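The values are calculated or read from the model by the stated rules, or taken from the named source; none is laboratory data. Predicted model only: the values in this text are computed from it and were never measured. Reconstructed Cβ throughout: ideal geometry from the backbone, glycine too, with neighbour counts over all protein chains shown.
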Amino acid sequence: MKENSEPSRRGFLKKLGTAGAAVALGSNVFARDSKSGLFTYLKRANSVSANDHINFALIGAGGQGSSDTQTALQIPGVKLVAVCDLYDGRLADAKKRWGNDLFTTKSYKEILNRPDIDAVIIGTPDHWHQQISIDAMHAGKHVYCEKPMVHGITEGPAVIKAQKETGKVFQVGSQGVSSLGNEKAKELLASGAIGQLNYAEGFWARRGAVEVWEYPIPADASPQTVDWDTYVSNTHKRPFDEKRFFRWRNYVDYGTGMCGDLFVHLFSSLHFITGSYGPEKIYAAGGLRFWNDGREVPDVLLGTFDYGKSVVHPAFNLSLRCNFVDGTSGTTYLRLVGSEGAMDITWDQVVLKRNKTFESDDPFYAEKMRNAGDTNPVRKKMLPPEQITFDAEKGYLGGPYDHMNNFFNAIRTNGKVTEDAIFGYRAAAPALLCNDSYFNNVPMHWDPEKMVVVKS
Ligand SMILES: NC(=O)c1ccc[n+]([C@@H]2O[C@H](COP(=O)([O-])OP(=O)(O)OC[C@H]3O[C@@H](n4cnc5c(N)ncnc54)[C@H](O)[C@@H]3O)[C@@H](O)[C@H]2O)c1
């Protein structure tokens, strides 16, 4: 047995900011597990024996599938044996990168038929997620499927059913939910660090061509190098169109717009941190303002979401915004706001800001407040909030590693993953309904517990 030498999560909660807060914010979220005595991080990254060897294949070897594969290959006892993609160039790249003995194919069914493959990573465009996930689980494979779990709102229940029926491990790829930053935010919220949650917001600003989905198209792109017929076999049939293949995010037959691409990450993190099942009401506005390149989806989008009161959180509102025409420096954030403060959350950092007040005995101030109609005998004055920064310790391997490790560990231990099919569907659904709201110009209503669209 080889001991895995990953850094402990213990050091994460180093307080780098200003003076101590009045509430117990905790300097170590990763309490010892009462049974194993290990810290959470070490417990997840347990040791590997020869029998724990796992063979996996990649289906969809583009940007994210390749990145997921690199992450998976950092995990001890895990081997890549096969790659499937519909474009020759991707298969050639895979051999160059991971070795000439790799089995490559354009048919994912050939991958599923191989008995030596235990698990698959699905990194195809969104319109293939459901079908390949279900086929893979029924073929006895564990599945790591990229987000959003499904392409359309009606597709989720069949994936949940397949996971239940087959008992296979199924993880959706919103890697932030396994990160130290999300875990710390969850602990802080539960400890009352920002008081009562009432509002959350997320924002992305982009401008560069590749960032806004104008990807380069390879010089050899043609029906000879791309299996176009398979690509469109589960959606509208059209003649070969290189833009629809290499810039698929811009078209509704294959992608899910800004909501499925970006909002879904924030739904996943928000639901993990708050324990929420999702919003009840969804409304979107936006437009195509700049990128008139034939795309079918907006390049500026605003979504508002009403979260009803539940047993784990009060009612609150969420605002998500995305701007692909942002001429400033660009920014991305997730912020939770409560009655006593707010926190900005990333995968390896949480910045907590807490209200500060002091009681004033200044007669001039008291008089001014009385004249302004304040009858409160205690004169409280707001000060700029105190700020406390929690950073992941040096050497932290990051959310993507933790999420992938969570997947392979669940396979080895017959354990649970952070983002199973139900969680994945509850994160994808409000994003997909946001698209429905935008395209149909109506608010959408959703029952997050039963996971059904409510007709208004
Ligand atoms: N978790 C994240 O942070 C993150 C980041 C980026 C993308 N993604 C997700 O990953 C997926 C892929 O995105 P990308 O940016 O890597 O796109 P990409 O275009 O770079 O890669 C997609 C690949 O899938 C191949 N493909 C298409 N249909 C296929 C099929 N039926 N069978 C096999 N291969 C097929 C294409 O040839 C291409 O190589 C999307 O669902 C996206 O939302 C997740």
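Below, the figures for the structure above:
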| item | result |
| --- | --- |
| Check on K79, at pLDDT 95 or above and over 27 Å from the mean Cα position of the chain (by Cα) | no |
| Checking H53 against (1) within 11 Å of the ligand (Cβ to nearest atom); (2) more than 26 Å from the chain's Cα centre (by Cα), the condition it does not meet | (1) |
| Test for V120: is it at pLDDT below 95 and in contact with a strand residue (DSSP E or B) (Cβ under 8 Å, 6 or more places away or on another chain) | no |
| Positions within the range 82-114 being closer than 23 Å to G167 by Cα and away from the ligand (no atom under 12 Å from the Cβ), in sequence order | N113, R114 |
| Counted residues, the range 213-241 - those being within 13 Å of the ligand (Cβ to nearest atom), surrounded by fewer than 15 Cβ atoms within 10 Å (Cβ to Cβ), under 23 Å from G257 (Cβ atoms) and not hydroxyl-bearing (S, T, Y) | 3 |
| Filtered residues of the range 147-172 (kept if closer than 21 Å to R412 by Cβ and touching a helix residue (DSSP H, G or I) at 6+ places or on another chain (Cβ under 7 Å)) | Q163, T166, K168, V169, F170, Q171, V172 |
| Yes/no for I117 being away from the ligand (no atom under 12 Å from the Cβ), touching a helix residue (DSSP H, G or I) at 6+ places or on another chain (Cβ under 7 Å) and part of a loop (DSSP other than H, G, I, E, B) | yes |
| Qualifying residues in the range 372-392 (those that are in a strand (DSSP E or B) and at pLDDT 85 or above) - the one nearest to K356 (Cα to Cα) | E386 |
| G60 being more than 8 Å from the ligand (Cβ to nearest atom) and small (G, A, S) | no |
| Residue identified as at pLDDT 95 or above and either at positive phi or within 16 Å of the ligand (Cβ to nearest atom) (or both) among S319, S269, S276 | S269 |
| Scan of the range 68-100 for residues that are within 27 Å of N406 (Cβ to Cβ), of a type outside the set (V, I, T) and crowded, with 16+ Cβ neighbours inside 10 Å, ordered by number | D68, A72, P76, G77, L80, A82, C84, D85, R90, A94, W98 |
| Members of the range 154-163 that are surrounded by 21 or more Cβ atoms within 10 Å (Cβ to Cβ) and either closer than 15 Å to I111 by Cα or not charged (D, E, K, R) (or both) | G156, V159 |
| Of all residues making up the range 196-212, the number that are small (G, A, S), within 16 Å of the ligand (Cβ to nearest atom) and under 27 Å from V337 (Cβ atoms) | 1 |
| Close pairs (6 angstrom Cβ cut-off, 6 or more residues apart or separate chains): at pLDDT below 95 in the range 53-64, more than 6 Å from the ligand (Cβ to nearest atom) anywhere | H53/G77 |
| I282 vs. criteria over 25 Å from N441 (Cβ atoms), surrounded by 15 or more Cβ atoms within 10 Å (Cβ to Cβ), more than 14 Å from the ligand (Cβ to nearest atom) and under 22 Å from the mean Cα position of the chain (by Cα) | no |
| Meets criteria (touching a Gly at 6+ places or on another chain (Cβ under 6 Å) and either at negative phi or assigned to a helix (DSSP H, G or I) (or both)) for R238 | no |
| Cross-chain or 6+ apart pairs with Cβ under 8 Å, the range 114-129 first and farther than 20 Å from F407 by Cα, then within 15 Å of the ligand (Cβ to nearest atom) and modelled with pLDDT under 95 | none |
| Condition met for I59 (within 22 Å of W213 (Cα to Cα) and aliphatic (A, V, I, L, M)) | yes |
| Some residue of the range 175-195 being assigned to a strand (DSSP E or B), buried (at least 23 other Cβ atoms within 10 Å of the Cβ) and either within 11 Å of the ligand (Cβ to nearest atom) or acidic (D, E) (or both) | no |
| Residue ID - farthest from the ligand (Cβ to nearest atom), chosen from residues in the range 120-146 that are over 24 Å from R412 (Cβ atoms), buried (at least 23 other Cβ atoms within 10 Å of the Cβ) and not β-branched (V, I, T) | H129 |
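For every residue, the table says whether it meets (1) out of contact with any Phe, Trp or Tyr (no Cβ under 6 Å at 6 or more places or on another chain); (2) under 30 Å from L188 (Cβ atoms).
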residue	(1), (2)
M369	yes, no
I388	yes, yes
L397	yes, yes
K416	yes, yes
N435	yes, no
P448	no, yes
K455	yes, no
